[in-house]
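Shown next, in structure tokens, is the structure this report addresses.
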Amino acid sequence: MAESINNEEVIKVLKNVINSLEDGQKGFTDLAEHLQDPHLKQFFVAEALKRASFRGDLESELHHAGVHDVKETGTVAGALHRTWGNVKLSVVKGDHEVLSIAEQGEDVAKKAYADALEQPLPLPIKQLLITQQEHVIASHNHVRDHRDALALAAK
């Protein structure tokens, strides 16, 4: 029989992912302002909205678990990453740099999902996280591929 974790541990796991999603939402929103390519800008805005949607889905799960006041604001590491990204963007301009910063943030999001999915979560929550994780991985790959294409084009 599979080991399961208690309600408090499920809440902690979900809050960790929610914090990562908050970081991603803020990051995509902030970085979209620095992009010059209108298609990339639109993608970043859409990803910020998708992260908000994912947060809403996980917050609903917390409400079902009895947590009614979810006030997650992201992580200190995420805030530092955004601040460092803004400093870098003030010195070096261009979509390649923006995509590099975004790709680093997406690496953190991928890790948050991987860590969460290592836990013996209830099946409906695990399925929700897997679906969200698939989107985050696809988003990461999209950002990475565009970053790499810009680097090749610059050579």
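The values are calculated or read from the model by the stated rules, or taken from the named source; none is laboratory data. Not measured: the values here are computed from a predicted model. Ideal geometry is used to build each Cβ from the backbone, glycine not excepted, and the neighbour counts take in all protein chains shown. When the accessible area is computed, the model is the full protein with side chains, heavy atoms only, and any ligands, DNA or RNA have been set aside. Shrake-Rupley method; radii C 1.70, N 1.55, O 1.52, S 1.80 Å.
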Got a sec? Which of Ile130, Ile101 is surrounded by fewer than 17 Cβ atoms within 10 Å (Cβ to Cβ) and of a type in the set (A, V, I, L, M)? Ile130
Of all residues in the range 133-155, which are surrounded by 13 or more Cβ atoms within 10 Å (Cβ to Cβ) and of a type in the set (D, E, K, R)? Arg144, Arg147, Asp148
Please find, within the range 102-134, the residue that is nearest to Ser53 (Cα to Cα) out of those that are assigned to a helix (DSSP H, G or I) and polar (S, T, N, Q). Gln132
Can you tell me which residue within the range 23-40, out of those that are open to solvent by less than 20 Å² (accessible area, probe 1.4 Å) and not hydrophobic (A, V, I, L, M, F, W, C), is nearest to Asn141 (Cα to Cα)? Gly24
Has the range 41-56 got at least one residue that is open to solvent by 50 Å² or more (accessible area, probe 1.4 Å), modelled with pLDDT of 95 or more and within 16 Å of Leu129 (Cβ to Cβ)? yes
